[in-house]
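What follows is a set of notes on a single structure, which appears directly below.
The values are calculated or read from the model by the stated rules, or taken from the named source; none is laboratory data. In this text, all values refer to a predicted model and were calculated from it rather than measured experimentally. Heads up, the Cβs are rebuilt from the backbone with ideal geometry, glycines too, and the neighbour counts pull from every protein chain shown.
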Amino acid sequence: MFDTNLLIYYLNASLTKSVRQQVDKIIEVGAFISVITRIEVLGWTNHTEQSLKSTEELLSIMNEQDLNEEIVKLCIYVRQLTKLKLPDAIIAATALHLDLPLITRNIKDFQKVPDLKLINPFEP
């Protein structure tokens, strides 16, 4: 499951060739995002018409997980244990709910979440 920051790097072409290839492979087999990731990525205020179109195209091929009661309960649990901001807590809870690793560059904040598997594609 992708964290918002990774999609932003991807869309801004800020990834190295090898990291972009890793991300492309994950997208190819079926990437997941939280509904909050769609909100964050599309809600960015500096979109151009082209960047908004590219973003919508990328998001359309991803599996989006909406909020449900289990994710809400997991989010509350995560917020009680950590000082994660609400969007990050929703993303972490969604990854836990789906039993998927979270692919992010923001390891520092998410490592506080018990049982959350993390992948930083920027590290070897």
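Table for the structure above
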| read-out | value |
| --- | --- |
| Residue in the stretch 22-32 that is part of a helix (DSSP H, G or I), more than 20 Å from Leu100 (Cβ to Cβ) and touching a helix residue (DSSP H, G or I) at 6+ places or on another chain (Cβ under 7 Å) present | no |
| Flag for Val41 being part of a helix (DSSP H, G or I), β-branched (Val, Ile, Thr) and more than 14 Å from the chain's Cα centre (by Cα) | no |
| Complete set of residues in the stretch 38-50 that are at pLDDT 90 or above and surrounded by fewer than 16 Cβ atoms within 10 Å (Cβ to Cβ) | Ile39, Leu42, Gly43, Glu49, Gln50 |
| Where a residue in the stretch 10-29 is in contact (Cβ under 8 Å) with a residue 12 or more places away in the chain and its partner, wherever it lies, is exposed (fewer than 11 other Cβ atoms within 10 Å of the Cβ) and not in a helix (DSSP H, G or I), with Cβ under 7 Å and at least six apart | Ile27/Ile61 |
| All positions within the stretch 61-81 that are in contact with a strand residue (DSSP E or B) (Cβ under 7 Å, 6 or more places away or on another chain) and either β-branched (Val, Ile, Thr) or surrounded by fewer than 16 Cβ atoms within 10 Å (Cβ to Cβ) (or both) | Asn63, Glu64 |
| Selected residue (only one of Leu84, Leu96, Leu116 is surrounded by 17 or more Cβ atoms within 10 Å (Cβ to Cβ) and either touching a His at 6+ places or on another chain (Cβ under 6 Å) or within 15 Å of Thr4 (Cβ to Cβ) (or both)) | Leu84 |
| Residues that are in contact with a strand residue (DSSP E or B) (Cβ under 7 Å, 6 or more places away or on another chain) and either part of a loop (DSSP other than H, G, I, E, B) or loosely packed, with under 15 Cβ neighbours inside 10 Å (or both), drawn from the stretch 99-113 | Leu100, Pro101, Thr104, Ile107, Gln111 |
